[in-house]
Every structure is written in C-alpha cells, then in structure tokens.
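The block underneath contains the structure these notes are about, expressed in structure tokens.
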Amino acid sequence: MDWKLDWDRVIKRNSEALRGIIEVLFALLGLDGEDAASRISRSLHSAVLLVLRPAESAVRRLIIIAARGLVVNVAPSRPMPKGLKIGKGEGSRLPSFQLYDTRKYFPELRQHRVKYTKNPPRIHFFPYDTLVPAPRPVAEPVSPPDDLVNAERLNRRLQVLKLALEDLPRQAKRLARWRMRREAMPGPVFKSPLRPGQPPGRRKRQIHPIDEILVNCHALAWEAMKPDTS
C-alpha cells in the first residue's frame, strides 16, 4: 500500500462492527442478563460457532494492529500462586484471550523414515481357510438435530472475546511481550501470531458480515506487521 493508513480509524471502525456482532451473540446465549443457559440446542450452538470462530480471528488481528510499533519491557516470568485455578471452578477468573492462531496439523506431511536394512518388514502369509472375517462396525446412534448440548465452554469463549475487544491496549501490550519472548527463545516453533495461509474461521463464500470483517482485518494485520521503513 502506497498511502498511509489511519490505524486509529481502522481499529475504531472494525471494533464497532465486531462489538455489534458480539452483542447479538450475547443476546442469543442469554449472556446479556442473568439467565445464561448452561445447555442449549445443538442448532443454536452451531450457529454461534459459525460466527464466533471468525470473530476471534478478527479480534486477534485487531490486537496485532493495535500493537504496531509498540515497545514494552518483558518482566521475568513468575510461577503461578498455589491454589489458583484459571478457567475452572466457581469464582475462578476467565482465561486470557489467545493471541496467536492455532496452527494446522498435517500428519500426512510428516516423514517417517524406515531403515529396511536393519529392520526389514515382516510379512506373514496365512492359509485361506484360517482367515476370520472382520466384524461389521456397529453404527452409533444418531443424536437428534436439536438435542441439548453443554454451552459453558461456548459462553466462556464469548466472554473472553468481549473482554479482549473492550481492552485492546492491554491486549496489544500482551502481544508485544509475547513476541519479544518468542524472539528470545532459542528455537521457537513459530514467531508470528498469524499462521500461514487463510485465517481460522474464514469461508470462501461470505454468508455473514463477520466474514468481510475478517478478510479486511487479516489484510490489515499483515500490513501492520511489516517493518517500518520510514
């Protein structure tokens, strides 16, 4: 991009759009009051996830934009106090928002080297009349499309997402510290908070306003991560 972006305006515009979407999800799950359901229909669970996944990716990219050019001091790590549980039990605090994309796992790309010279494969042949037919797999009962499922984890993810969006400066400092720690590690698996390829939750066909927001935030996040040459 040859023109200079107004990063503050970018953050404000996308934050307002995301805030409206999250408010709708809160209303669907009853989180805007005190009657949040612990179990919801499977169709509602799927509908919320359809929006929640790309919304999490979009907020993560807004945090990257907010952390553009930010320099922080990294404090030495401290052990967690005994007896403190994060994300479990009554009265426990919510977990922190995940600052990096979950990486894809491709088991078919792993190279398994077999040394046939030392350990040749053992092949056994059995007579035809000794073969036992394999048992037929028993089909598992199909659950009704609208049976109730646990919504506690979904509720917590949505609450964490809202808290992160409401406090982008704090999340940006967290990200800056995370990146500095990654740079100091001898051999990290990855250093970028963005995974290669498409972001989590992106769909080829846009079916919800969150899809367009994610596409825009994804492109802007990569732009924000470029080194400043000015």
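The values are calculated or read from the model by the stated rules, or taken from the named source; none is laboratory data. Here the structure is a predicted model, which is why all the values come from computation and not from measurement. Every residue, glycine among them, receives a Cβ derived from its backbone with ideal geometry; neighbour counts consider all protein chains shown.
A single member of Arg181, Arg174, Arg205 is in a loop (DSSP other than H, G, I, E, B) and of a type outside the set (Asp, Glu), and it is Arg205. Scanning segment 36-76 for residues that are out of contact with any helix residue (DSSP H, G or I) (no Cβ under 8 Å at 6 or more places or on another chain), in contact (Cβ under 8 Å) with a residue 60 or more places away in the chain and of a type in the set (Ser, Thr, Tyr), we see that the one that is surrounded by the fewest Cβ atoms within 10 Å (Cβ to Cβ) is Ser43.
For Val215, the test of being of a type outside the set (Ser, Thr, Tyr) and either under 15 Å from the mean Cα position of the chain (by Cα) or at pLDDT below 90 (or both) is failed. Under the condition of being touching a Pro at 6+ places or on another chain (Cβ under 9 Å) and either closer than 16 Å to Ala47 by Cα or of a type in the set (Asp, Glu) (or both), the residues counted in segment 201-230 number 6. Pairs meeting the criteria (first residue in segment 197-208 and under 12 Å from Ala55 (Cβ atoms) and charged (D, E, K, R), second residue modelled with pLDDT under 95 and in a loop (DSSP other than H, G, I, E, B), beta carbons under 6 Å, at least 6 apart or on different chains) are lacking.
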